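What follows is one structure encoded as structure tokens, with my remarks underneath.
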Amino acid sequence: MAASAWSERTLHLLRRMNNFYLPGSCRATCLRFEIDGAQVGWIPPPVASLLTSYPEVFGPPHGGTVSLCPSLNSYSPRSEAVQAVLQTLRQQGSFTCLKGWRDEKYSVMPRFSDAPLMWMERAATSLFGVKRYGVHINGYTVSDGGEVRMWLARRSPTKQTYPGLLDNVAGGGLAAGDSIKHTLVKECQEEACIPAAIAEKAYPVSTVSYTYEDEEGVYAESQFVFDLELPLDFKPRIGDGEVQDFYLLPIDRVKELLATEDFKPNSAMVVLDFLIRHSFIEPDTEPYYQDFVTGLHQTL
């Protein structure tokens, strides 16, 4: 792929993953989702319209805002009341995203450093545009001669999302109550059979944040990114079946692949961040260098 074509495709990826900020997005018509006066998300109009059928849980839209009823004044009652509504909407087949129900709880809070105000089923988070957090690991090797190669995973063809696409060596969503480090070690072990003694050597390097919309709602996501140098004689192995294969590839090949439709989009962003941080992409030779950096680190 020619350098100019690669740059254009990579820029297109970043714009697509941040399309909520672009003119013409649903942002102008979304309603703020608030809990106890704090904004925690964005609700698209079709969702807000259906929520008016549950006045004991959601107040009517007012001033561009949908709020939980004040009577739901603590973590557990809020979570249970919203969960009951979501179960009803799921049974009614109201939204496609609820067909992917996972029984995974995600924390809902204004900022990551804030105490959670409630939890919400993962599959429903896009309906409310609440912030979702995850952990992604760049697994790589450095030869005796200094050559860097990266381990990539090929997602299982039966994965609920992005089946069959290339991915980071390991990664996953941050479930309610779990720490970042615990999630890192768990995902490494489950997906790639990386022992805890090795996984714990991963070090935090960055966050990659973006917000996009599609037909299923608003996705405001931030990934905690770790780099993990793996031993030269170590090969990841298939663990829980979420991966079908692993590949150890030269950086030039990894760079080429991330700009293709063969790569899970947010994982491609994590790899792009790696390439920038390790100076495989430099500002003297990449015309969109600043656009790349900005696109990887949007404020949610």
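Suppose we keep only residues that are under 19 Å from residue 274 (Cβ atoms) and of a type in the set (Phe, Trp, Tyr) within the stretch 205-247. Which one would you say is farthest from the chain's Cα centre (by Cα)?
Ranking the candidates gives 234 first.
So that you can scan it fast, the table gives a plain yes or no per residue for (1) more than 18 Å from residue 140 (Cβ to Cβ); (2) surrounded by 17 or more Cβ atoms within 10 Å (Cβ to Cβ); (3) assigned by TED's automatic domain parsing to the domain that holds residue 33:
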| position | (1), (2), (3) |
| --- | --- |
| 184 | no, yes, no |
| 189 | yes, yes, no |
| 192 | no, yes, no |
| 200 | no, no, no |
| 219 | yes, yes, no |
| 229 | no, no, no |
| 239 | yes, no, no |
| 279 | no, no, no |
| 290 | yes, no, no |
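Output the residue which, of all residues in the stretch 1-24 that are in contact with a strand residue (DSSP E or B) (Cβ under 6 Å, 6 or more places away or on another chain) and part of a loop (DSSP other than H, G, I, E, B), is surrounded by the most Cβ atoms within 10 Å (Cβ to Cβ).
Ranking the qualifying residues of the stretch 1-24, first place goes to 17.
Residue check, residue 167 against (1) among the charged types (D, E, K, R); (2) in contact (Cβ under 8 Å) with a residue 60 or more places away in the chain; (3) outside the structural domain of residue 212 (by TED's automatic domain parsing); (4) surrounded by 18 or more Cβ atoms within 10 Å (Cβ to Cβ), all met but one. Which one?
Only one criterion is unmet by residue 167, namely (3).
Would you point out which residue out of 32, 102, 78 is touching a residue at least 24 places away in the same chain (Cβ under 8 Å), part of a loop (DSSP other than H, G, I, E, B) and under 25 Å from the mean Cα position of the chain (by Cα)?
102
Take the stretch 245-300 and flag every residue that is closer than 18 Å to residue 19 by Cα, of a type in the set (Val, Ile, Thr) and in contact with a strand residue (DSSP E or B) (Cβ under 6 Å, 6 or more places away or on another chain).
If the condition is that a residue be closer than 18 Å to residue 19 by Cα, of a type in the set (Val, Ile, Thr) and in contact with a strand residue (DSSP E or B) (Cβ under 6 Å, 6 or more places away or on another chain), then 270 is the only one that fits.
Do any helices (runs of 4 or more DSSP H) entirely within the stretch 173-264 hold 3 or more residues that are not small (Gly, Ala, Ser), and if so, which?
180-192, 251-258
Looking at (1) touching a helix residue (DSSP H, G or I) at 6+ places or on another chain (Cβ under 9 Å); (2) closer than 30 Å to residue 185 by Cβ; (3) surrounded by fewer than 21 Cβ atoms within 10 Å (Cβ to Cβ); (4) not β-branched (Val, Ile, Thr), find the lone condition where residue 273 falls short.
Among (1) touching a helix residue (DSSP H, G or I) at 6+ places or on another chain (Cβ under 9 Å); (2) closer than 30 Å to residue 185 by Cβ; (3) surrounded by fewer than 21 Cβ atoms within 10 Å (Cβ to Cβ); (4) not β-branched (Val, Ile, Thr), residue 273 violates only (3).
The values are calculated or read from the model by the stated rules, or taken from the named source; none is laboratory data. Being a predicted model, the structure only gives us computed values, none of them experimental. Please note: Cβ atoms are built from the backbone with ideal geometry, for glycine as well, and neighbour counts cover all protein chains shown.
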